[in-house]
Amino acid sequence: MSEARETDADYADDYPPEGGRRRKRRLGGLKGCLAVLGAIAVLIGGGTFGFLKAVDFAKSKLASPGDYPGPGHGKVLFAVEQGDTIAQMGRDLKSKGVVKSVDSFISAAQAEPKSSGIQVGYYQLQKEMPSADAIEVLVDPGNIVKNSVTIPEGLRVKDVVEILADKTDFDASAFEKVLANPAPLGLPDYAEGNPEGYLFPSTYDFGPKDTPRVMLKKMVDRWRQAAEENQLEARAAALGKTPAEIMTIASLVEAEGRGDDMAKVARVIYNRLDGPGDKGGTNGLLQIDAAVNYALDRKGTITLTLDEIESVATSPYNTYKTPGLPPTPIEAPGDDAIQAATHPAEGNWYYYVTVNLKTGETKFYEDYNGFLAGKAEYQQYCTTSDAC
């Protein structure tokens, strides 16, 4: 929250009235100059050191009465907020003791063409800086104080929290506390308070005063942007699904697909959910390993054993046992996965097999016999690769 800002009355003394008082100030300035010159004359006799000290003394005396001579001291974290004018920045800087007057700051800004492009953010300044030095810091976006944190695609909420705790000054419990009462985050109603899948993967520039709630809300806001860009709700209606179901499909696509194959994986899911007859011999079972691994509290698409599948036989995320979609997303999909889920490829595929784990090469099949051929190819690959 920003501090109270000054009004024009707070710096009215920077604009002295016309008349005798102004003339008196000029006369005082002349006397000051004579005093300075006299001081220099006396100190010159002290050699080079004395001369340099005299120059510093003269600079401080001859500096503009509305500006600090510098170089500044200490640290001040200063925020440029959306919509701030140069005058408003000047008032805020003066109130924080960074610049001596608003007038000097405005003048320095007018002398620097880049000042019209000062960006929103936090900047590290000093107390009692020359206005020109303050402007020099503010016009360089590289001086914005921020903490860049990258959240990759395909992470569960617990994985996101681990990264945030590692890359920020807050521990995991601070984020978990916010997620336990997520109403302020702005999740869609159909998420039913569950953030799984809605903490959007991206690179975030968090400010030095961002709290866990602010950070998590930025991630949900970024998800909303992706949902709007991909027309999530309209496409869900066109595909006969709810937006929540589309997000779950997108999470499965994120876990199972790569690149151009994502749209094909999405089509396999739709075919198994909505295909004719026995749905290609799968009876509506998605048989997606990543969903079962979610039930096992494991990340990724680790190959399952029959015992592992049976160990979570009653879980709604066990897509080998329960037909249809899992009840929620299993991880956070990125733009490509959401695009694939909302715009699946055209095809009659019911099966796919990744036959090369290093390159991600995946083959798609319309029937079970094709799938068996792909499975045999994968098994042959595993005999010569350490990637399995």
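The values are calculated or read from the model by the stated rules, or taken from the named source; none is laboratory data. This is a predicted model, so every value here is computed, not measured. Every residue, glycine as well, gets a Cβ built from its backbone with ideal geometry; the counts of neighbours run over all protein chains shown. The area values use the complete protein model at the heavy-atom level, side chains included, leaving out ligands, DNA and RNA. Shrake-Rupley method; radii C 1.70, N 1.55, O 1.52, S 1.80 Å.
Averaging 1/r over every pair of different alpha carbons in the range 108-227 and inverting the result gives a Kirkwood radius of 16.3 Å.
Taking every protein chain into account, the accessible area of the range 99-184 amounts to 52 square angstrom per residue (probe 1.4 Å).
Taking only the C-alpha atoms of the range 243-348, the Rg (one decimal) and the largest Cα-Cα distance, Dmax (whole number), read 12.9, 36 Å. Here the Karplus curve 6.51 cos²θ - 1.76 cosθ + 1.60, taken at θ = phi - 60°, turns the phi angles of the range 85-100 into couplings of 8, 4, 4, 5, 4, x, 5, 5, 5, 5, 5, 8, x, 7, 10, 7 Hz, with x standing for Gly and Pro. When the P(r) is computed for the range 298-337, the part past 13 Å accounts for 61% of the Cα-Cα pairs.
Put Thr242, Thr384 in order of accessible area, highest first, and with a 1.4 Å probe you get Thr384, Thr242. When nucleic acids and ligands are ignored and a 1.4 Å probe is applied, Cys388 ends up with an accessible area of around 80 Å². For the range 269-338, the per residue solvent-accessible surface stands at 44 Å², with DNA, RNA and ligands left out and a 1.4 Å probe. Tyr381 contributes about 30 Å² of solvent-accessible surface, heavy atoms of the protein only, 1.4 Å probe. One decimal place: the segment Gln119-Ser148 gains 8.8 nm when fully extended, by the rule 0.36 nm per residue minus the C-alpha distance. Spin-label model, Ala180 to Cys388: label points 7 Å out along the Cα-to-beta-carbon direction sit 4.6 nm apart.
With a 1.4 Å probe and every protein chain kept in, tell me what percent of the accessible surface of the range 115-237 is carbon plus sulfur.
Details: 2740 of 6070 Å².
Carbon and sulfur: 45 percent of the exposed surface of the range 115-237.
Per residue, the convex hull spanned by the Cα atoms of the range 107-153 amounts to 80 cubic angstrom.
In this structure Arg272 has an accessible area near 20 Å², from a 1.4 Å probe over the protein heavy atoms.
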